[in-house]
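S.K.: So that we are looking at the same thing, I have put the structure below in structure tokens.
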Amino acid sequence: MKIAVPTREGCVDNHFGHCDRYTIFTIEDRKVVAREELPSPQGCGCKSGIAAVLEQMGVEVMLAGSMGEGAKNTLQAHNIRVVRGCSGNVENLVASYLTGFVFDSGVGCAGHGDDHQCPNH
């Protein structure tokens with residue numbers, strides 16, 4: 001399984017569509033066995049074509065901060081399960097997800113701001 005996280009400066013970028021890169025973790029037996037980074041395409045995440053690229057790479061889960069319904073629907077159409085409301089260091093986030101402590105907040109975003117914070121950096 002592969003998990004993707006919209007990333008900026010080692011932390012979850014709070015706005016999926018404006019992240020600096022995607023950190024992609026390869027998981028085997030509930031452990032991280034590989035990590036790679038994919039530069040983010042320019043433009044809105046739901047219109048950038050990133051969902052198809054991530055699907056081709058084998059990504060099954062997106063752990064994200066804020067994400068609009070358009071991006072969420074696009075990712076889901078590409079067989080990527082979306083978990084919103086994530087924050088903090090990407091390594092710690094994935095470890096928490098793998099132990100069952102990360103759940104979807106159910107909250108999307110309605111705008112295109114430039115808010116990216118890392119409280120646990």
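S.K.: For labels at Glu9 and Glu91 in the simple 7 Å Cα→Cβ model, what's the distance in nm?
M.R.: 1.8 nm
S.K.: Let me ask something else. Express the C-alpha Rg of the range 1-104 as a ratio against the empirical globular expectation 2.2 N^0.38 Å, rounded to two decimals.
M.R.: Output field value: 0.94.
S.K.: If R0 is 22 Å, what FRET efficiency do you get for Glu69 and Asp20 from their C-beta distance, rounded to 0.05?
M.R.: Efficiency for this residue pair is about 0.45.
S.K.: With contacts defined as alpha carbon pairs under 8 Å and 6 or more residues apart, what's the relative contact order of the range 47-89 in percent?
M.R.: 46 percent
S.K.: In nm, to one decimal, how far is the modelled label at Ala77 from the one at Val33, with both set 7 Å along Cα→Cβ?
M.R.: Modelled inter-label distance: 3.3 nm.
S.K.: Moving on. Could you pull the accessible area for Arg21 with a 1.4 Å probe, rounded to 10 Å²?
M.R.: 80 Å²
The values are calculated or read from the model by the stated rules, or taken from the named source; none is laboratory data. Keep in mind the model is a prediction, meaning the values are calculated, not measured. Cβ atoms come from the backbone with ideal geometry, glycine included; neighbour counts cover every protein chain shown. Surface areas here come from the heavy atoms of the whole protein model, side chains and all, with no ligands, DNA or RNA. Shrake-Rupley method; radii C 1.70, N 1.55, O 1.52, S 1.80 Å.
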